[in-house]
Each structure stands twice: as C-alpha cells, then as structure tokens.
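Undergrad: Just passing along the structure, written as structure tokens.
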Amino acid sequence: MTIEVVRRTRSLPRARPQPVPDANMTAKRKSGSKARTTPGVKKADKLGSKQSPIDITKDIVDYDRKLRASALKLKYTPGDTESVEVTDHGFTCWMKDDCSTSITGSHLPGTYQLIQFHAHWGGTRKCGSEHLLEGRQFGGELHCVFWNRKYGSFEKATRNSDGCTVLAIFLAEGKEDHEGFQSVVKAVEKARQGDGRADVGKDFDLTTLLPDRMSYYTYQGSLTTPPYTECIIWTVLRRPITLGRKQLNVLREIVTNNFRSPQLVNRRRVRSSFILIGKNEKEGSEKSKKSASSH
C-alpha cells in the first residue's frame with residue numbers, strides 16, 4: 001500500500017488547546033509558582049456522550065484478536081521536536097512544521113502525524129493520570145497527539161471522528177530519573193527561567209518514552225481539554241514508564257493536578273490487544289487466540 005504523506009504547513013493553526021483548569025479539571029497552585037488556581041471539580045454542560053478520560057474497567061473491555069501490539073509502530077525522526085512551551089497549566093512539546101514522525105496500528109485507519117506531546121500529573125504519586133485502570137490512578141499521563149494525514153491538516157482532522165489519535169502513556173513515580181525524559185525536564189526548567197520556550201535538543205528521542213511492551217486499550221473519545229471535541233481514537237498503553245521523583249517535582253512546580261476527572265462511559269466499549277483472565281492480563285498468542293475464539 002502506498003500512503004501519501006501530507007506535511008502540515010506553517011499556516012496550520014495549533015488548535016490543540018493547552019491543558020487548562022476548567023469545569024472538569026482540578027488545578028492547584030504550588031507555593032511560589034506561577035500556576036493558576038481554580039477551586040473544586042464541577043460538571044461541564046452541553047458535552048457529547050463520548051467524553052474522555054474514562055476509568056477502564058474489565059466489565060467494559062473486550063479482547064479483539066484483530067488488534068496486535070506488534071503492529072503499533074511509532075516512527076520518530078530525530079530532530080522533529082522543535083521546542084517546549086511552558087504556561088501556567090503545564091508544558092507542550094511542539095513538533096517542527098516539516099515533522100515526519102508518525103504512528104500506525106491495526107486499530108488506526110491510516111497514518112497519523114505527530115503535532116505535539118504534553119503531560120498531565122498530580123501532586124502525589126497516587127494521582128495525576130487522566131485515565132484510570134480499575135479505579136487506579138497513576139502519578140501522571142503523557143499524551144502524544146497525532147492527526148490523520150488524509151485530512152491535510154490538524155484543524156480539519158479535528159472535525160472528524162477518526163481525525164486524531166492520542167497515544168497515552170501512564171507515568172509512575174520512582175526514585176531513579178528516566179534518562180530519556182531528562183531532555184524534556186531540562187527544557188522545561190530553561191523555559192521557566194526565560195520567556196516560556198526552550199529547545200529540547202537534537203538528542204531527544206521520543207521512542208525512549210515507550211514501555212517495553214506495547215499492549216494497549218483503544219476506544220472512541222474526546223480531547224480532555226476545551227473544547228472537548230470528540231475526534232480522538234484513544235490508544236492507551238497498559239504498561240507505565242517510570243519517572244524520577246525529582247523529574248515529576250519539576251513539573252509540579254508549574255502546576256499540580258492538571259488532569260480532567262473521569263467521564264461517563266455511556267454505551268461505549270473498550271477494545272484491548274491482550275487477553276484479560278480474572279485479575280491477570282496476558283498477551284494474546286496464537287494458542288490463546290484460538291482458545292478465546294472457541295468460547
């Protein structure tokens with residue numbers, strides 16, 4: 001199959017909003033930071049029925065043998081990351097205008113191009129991720145935002161239900177720093193000391209932020225920040241990566257708890273690329289696939 005690569009132009013509006021405190025988000029200011037404060041978590045009005053994030057529980061998950069973790073491919077081009085932008089609500093790493101970094105998968109209808117990545121986190125290691133697994137919240141969640149190249153631009157892609165995919169990676173807190181994430185941390189620190197922007201560096205490699213195994217959940221949802229557009233095919237990796245406590249504390253100096261609360265699942269189902277057996281999760285194999293299909 002031949003896939004036409006459509007590069008975004010410099011006139012493409014960066015429509016993906018920054019993480020901002022709103023009616024569905026808790027954001028608390030850390031003493032001495034520039035972060036904004038909003039009290040409480042309230043319900044937002046006039047939203048659709050496919051909002052994100054959600055609590056992924058086994059009763060809404062179906063194993064789909066057509067999904068293959070090995071088919072989920074993130075191709076990162078060194079030097080594609082342009083700069084880190086820091087605001088009161090978090091950080092965003094923007095890609096260059098001629099970015100060629102992309103993702104494909106057995107659940108995705110085409111090739112999706114990276115536009116930016118950002119993160120959500122909490123004040124402690126027990127909160128911060130937007131998605132939950134069986135009610136468990138991780139210390140943070142990295143979001144890599146991609147748009148479907150067939151639409152020609154990110155702005156046009158957001159008008160379609162298959163327009164974008166977000167690769168979500170859970171962030172656990174540990175003692176040791178994550179070597180691959182350190183370039184982002186340094187850029188965030190430099191940006192905060194300057195005008196709010198800083199280069200990440202040519203040595204940064206996004207693929208170092210992927211877990212060893214790429215088993216994932218997928219479902220149809222929305223942006224988790226205003227305007228909450230329902231244009232996202234979510235790709236939620238089930239295995240977290242671990243960042244150092246010092247690294248997460250650098251992010252917490254910007255803002256704490258910049259995550260949206262779980263939304264109603266409604267009638268949606270979540271598909272998984274692996275098999276759920278009780279409380280244990282096992283990778284699908286040819287043998288297990290035959291067993292699963294016979295029940």
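The values are calculated or read from the model by the stated rules, or taken from the named source; none is laboratory data. Since we're looking at a predicted model, the values are computed, not measured. Glycine gets a Cβ as well: all are built from the backbone with ideal geometry, and neighbour counts include every protein chain shown.
Undergrad: Filter the stretch 224-237 for residues that are in contact with a Lys or Arg (Cβ under 8 Å, 6 or more places away or on another chain) and under 26 Å from Ser183 (Cβ atoms); which is surrounded by the most Cβ atoms within 10 Å (Cβ to Cβ)?
TA: Looking at the filtered set, the residue picked out is Thr224.
Undergrad: Next up: Scan Gln220, Gln247 and give me the residue that is of a type outside the set (A, V, I, L, M) and farther than 16 Å from Pro53 by Cβ. Before you say what the answer is, go through the steps one by one.
TA: Details: Gln220 fails: farther than 16 Å from Pro53 by Cβ.
Unique residue meeting the criteria: Gln247.
Undergrad: Say whether the condition of being at pLDDT 95 or above, buried (at least 19 other Cβ atoms within 10 Å of the Cβ), among the small types (Gly, Ala, Ser) and out of contact with any helix residue (DSSP H, G or I) (no Cβ under 9 Å at 6 or more places or on another chain) is met by at least one residue in the stretch 96-113.
TA: The answer is no, given that none of the residues of the stretch 96-113 is at pLDDT 95 or above, buried (at least 19 other Cβ atoms within 10 Å of the Cβ), among the small types (Gly, Ala, Ser) and out of contact with any helix residue (DSSP H, G or I) (no Cβ under 9 Å at 6 or more places or on another chain).
Undergrad: Next up: Does Glu189 satisfy the criteria of being more than 21 Å from the chain's Cα centre (by Cα) and either part of a loop (DSSP other than H, G, I, E, B) or at pLDDT below 95 (or both)? Walk me through it before giving the result.
TA: Working: more than 21 Å from the chain's Cα centre (by Cα): yes; either part of a loop (DSSP other than H, G, I, E, B) or at pLDDT below 95 (or both): no.
So Glu189 does not fit the description; no.
Undergrad: Please enumerate the residues belonging to the stretch 129-162 that are buried (at least 24 other Cβ atoms within 10 Å of the Cβ) and among the hydroxyl-bearing types (Ser, Thr, Tyr).
TA: Ser129
Undergrad: OK, next. Which members of the stretch 193-223 meet the condition of being in contact with an Asp or Glu (Cβ under 8 Å, 6 or more places away or on another chain), outside any loop (DSSP other than H, G, I, E, B) and surrounded by fewer than 18 Cβ atoms within 10 Å (Cβ to Cβ)?
TA: Scanning the stretch 193-223 gives Arg197, Thr208, Gln220.
Undergrad: Also, quick follow-up: Restricting the search to the stretch 229-250, which residues are part of a loop (DSSP other than H, G, I, E, B) and in contact with a Gly (Cβ under 6 Å, 6 or more places away or on another chain)?
TA: Residues of the stretch 229-250 that are part of a loop (DSSP other than H, G, I, E, B), as a first pass: 229-231, 238-240.
Glu230, Cys231 - these are the residues of the stretch 229-250 that are part of a loop (DSSP other than H, G, I, E, B) and in contact with a Gly (Cβ under 6 Å, 6 or more places away or on another chain).
Undergrad: Taking the stretch 166-188, which residues are surrounded by fewer than 20 Cβ atoms within 10 Å (Cβ to Cβ) and within 14 Å of Cys93 (Cβ to Cβ)?
TA: We begin by selecting, within the stretch 166-188, every residue surrounded by fewer than 20 Cβ atoms within 10 Å (Cβ to Cβ); these are 172, 174-180, 182, 186.
Answer for the stretch 166-188, where residues must be surrounded by fewer than 20 Cβ atoms within 10 Å (Cβ to Cβ) and within 14 Å of Cys93 (Cβ to Cβ): Gly180, Gln182, Lys186.
Undergrad: Specify which of the listed residues (Thr235, Thr207, Thr242, Thr225) is in contact with a Pro (Cβ under 7 Å, 6 or more places away or on another chain) and either within 23 Å of Asp80 (Cα to Cα) or in contact (Cβ under 8 Å) with a residue 24 or more places away in the chain (or both).
TA: Thr225
Undergrad: Please go through the stretch 47-78 and pick out each residue that is part of a loop (DSSP other than H, G, I, E, B), among the small types (Gly, Ala, Ser) and surrounded by 15 or more Cβ atoms within 10 Å (Cβ to Cβ).
TA: Narrowing the stretch 47-78 to residues part of a loop (DSSP other than H, G, I, E, B): 47-54, 57, 64-68, 72, 76-78.
Subsequent filtering for residues that are among the small types (Gly, Ala, Ser) retains 48-49, 52.
Answer for the stretch 47-78, where residues must be part of a loop (DSSP other than H, G, I, E, B), among the small types (Gly, Ala, Ser) and surrounded by 15 or more Cβ atoms within 10 Å (Cβ to Cβ): just Ser52.
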